[in-house]
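For reference, the structure I am asking about is given below.
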Amino acid sequence: MKTKGLSGLPSGKIDTLLFDLDGTIIEMRRSAEIAFYMKACRRFRDYFNPLTFYISFWKSLSHVRANTSECLNYDVFVEKMAHFGRTTPQVIDALVSDLVEKDFRSLAPFFTQVEGAREAVLHARKLGYGLALVTNPVVPRKSVLYRIEWAGLN
């Protein structure tokens, strides 16, 4: 009789574990959204007032959620924000890059490690599993790397 592995498959069939970053490895306090919104409004003020920024942001995300094309979600987001802000994708990309590089890092206190998550990842690695840490690819890579660092997994 074969022993069962983690998923009910015969043991030895699973060699890689997938971990979701947000909500599984690291939690974001709700107040982070307000702090981030305020920083983003300041960063984007030449193209959006606070209300139009909010509306444009959520409309852009709805386009991302509907994206079934070969385009990256981030590129769809930047394109739509540029359209709503009557500017170019290059301008929006530069603003997002500045937001992440100069403002996002200050949000570290709003993120907390999920209890036991870091230990589970490290234990899986010690057991020899391949590991994949995943998240929604809308956000720039640098903000993902910061959150991985805050989760204690850099």
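To the nearest 20 debye, what is the magnitude of the charge dipole of the range 64-154 about its Cα centre, counting +1 on the Cβ of each Lys and Arg and -1 on the Cβ of each Asp and Glu?
On the way: 11 positive and 10 negative charges, 35 e Å.
Using only the charged Cβ atoms, the result is roughly 160 debye.
Then there is this: List residues of the range 115-138, by number, whose backbone nitrogen lies under 14 Å from a label position 7 Å along Cα→C-beta of ARG65.
Correct set: none at all.
Compute the length gained on full extension between HIS83 and GLU149: take 0.36 nm times their separation in residues and subtract their Cα-Cα distance, giving the result in nm to one decimal.
Result for the pair: 20.4 nm of gain on full extension.
Report, for the chain, the % of DSSP beta bridges that are antiparallel, rounded to 5.
Bridges in the chain are about 40 percent antiparallel.
May I pose another question? Pull up all non-local amide H partners of ASP22: gap of 5 or more, or a different chain, and H-to-H distance under 5 Å with H placed in the peptide plane.
Placed amide hydrogens put nothing under 5 Å from ASP22.
Something else now. Show the residues, 5+ positions off or on another chain, whose built amide H is closer than 5 Å to the amide H of LEU17.
GLY130, LEU131, ALA132
Follow-up. Can you give the three extents of the C-alpha atoms in the chain along their principal axes, from longest to shortest, in whole Å?
66, 36, 22
Do any GluC sites (Glu not before Pro) in the range 100-138 lie in a DSSP loop with no more than 14 other beta carbon atoms within 10 Å, and if so, which?
Working: sites: GLU101, GLU115, GLU119; in loops: GLU115.
Filter output for the range 100-138: GLU115.
Pop a pseudo-label 7 angstrom from the Cα along the beta-carbon direction at both VAL134 and LEU72 and give the gap in nm to one decimal.
Placing both labels 7 Å beyond Cα along the Cβ direction yields 1.8 nm.
On a 1.4 Å probe surface of the protein chains, which of HIS63, HIS83 comes out largest in accessible area, and what is the full order? Walk me through the numbers on the way to the answer.
Numbers: HIS63 80, HIS83 125 Å².
Result of the area sort, largest leading: HIS83, HIS63.
Per DSSP helix of 4 or more residues, -39500 (n - 2.57); summed, then divided by the residues of the chain. What does that give at 222 nm, rounded to the nearest 500? Intermediate results must be reported in sequence, preceding the final value.
Numbers: 6 runs with 72 residues, N = 154.
Value at 222 nm, helices only: -14500 deg cm²/dmol.
Let me ask you something else. Return one whole number: the accessible area per residue of the range 51-154 in Å², for a 1.4 Å probe. Provide the component values of the computation, followed by the final result.
On the way: 6340 Å² over 104 residues.
Computed with neighbouring chains in place, this is 61 Å² per residue.
Under a point-charge model restricted to the Cβ atoms of Lys and Arg (+1) and Asp and Glu (-1), what is the dipole moment magnitude of the chain relative to its Cα centre, in debye to the nearest 20? Mind showing how you got there, number by number?
Details: 21 positive and 16 negative charges, 40 e Å.
Here the size comes out at about 200 debye.
So for the pair ALA94, MET28, with labels modelled 7 Å out along Cα→Cβ, what separation do we get in nm?
Result: 2.6 nm between the two label points.
Let me ask you something else. Tell me which of SER62, PHE104, GLY130 sits at the most positive position along the dipole axis of the chain, charges placed on C-beta atoms (Lys, Arg +1; Asp, Glu -1).
GLY130
Moving on to the next point. In whole angstrom, how far apart do the alpha carbon centroids of the range 28-61 and the range 66-110 sit?
The range 28-61 and the range 66-110 have Cα centres separated by 11 Å.
Give the angle, between 0 and 90 degrees and rounded to the nearest 10, that separates the Cα long axis of helix 50-65 from the longest principal axis of the Cα atoms of the chain.
Tilt relative to the chain: about 40 degrees.
Helix 89-98 versus the longest principal axis of the chain: what angle, 0 to 90°, nearest 10, using Cα atoms?
70
In addition: Per-residue HN-Hα couplings for the range 111-127, Karplus 6.51 cos²θ - 1.76 cosθ + 1.60 at θ = phi - 60°, whole Hz, x for Gly and Pro?
Calculated HN-Hα couplings, in order: 10, 10, 6, 6, 4, x, 5, 4, 4, 5, 5, 5, 5, 4, 5, 4, 7 Hz.
The values are calculated or read from the model by the stated rules, or taken from the named source; none is laboratory data. Owing to the predicted nature of the structure, the values given are computational and were not obtained by experimental measurement. Ideal geometry is used to build each Cβ from the backbone, glycine not excepted, and the neighbour counts take in all protein chains shown. Heavy atoms of the whole protein, side chains included, go into the accessibility calculation; ligands, DNA and RNA do not. Shrake-Rupley method; radii C 1.70, N 1.55, O 1.52, S 1.80 Å.
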